[in-house]
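Values in this text are rule-based calculations from the coordinates and carry no lab data. Since we're looking at a predicted model, the values are computed, not measured. FYI the Cβ positions are ideal-geometry reconstructions off the backbone, even for glycines, and counts take in every protein chain you see.
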Amino acid sequence: MSLRKPWRDLDRTTLAGAPDAPGVYELGDADGEPLRIDSGIVRDELKEVLAYGSGEATQVRWTVAQSPDHADRLLAEHVGE
């Protein structure tokens, strides 16, 4: 299941506004098709994606969690585990 948030461009401007907090993030292609969903410290994860390449990903969306454990539970809900 995808996050119910609007897509943002996957670029440095979006990275600058990304939360330095745990959460779930989703990467999408230019057509808005989800490519990957994962959890972690959102800003750190997006820095890594931008630094090492994002494949076809050109968009991102996220939701902030209360803790790393909460982020893992949210991720499990979204991937259907």
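Think of each Lys and Arg Cβ as +1 and each Asp and Glu Cβ as -1; about the Cα centre, that makes the dipole of the stretch 8-79 roughly 220 debye. Highest mean first, the peptides 51-57, 22-28 sorted by other C-beta atoms within 10 Å per residue fall in the order 22-28, 51-57.
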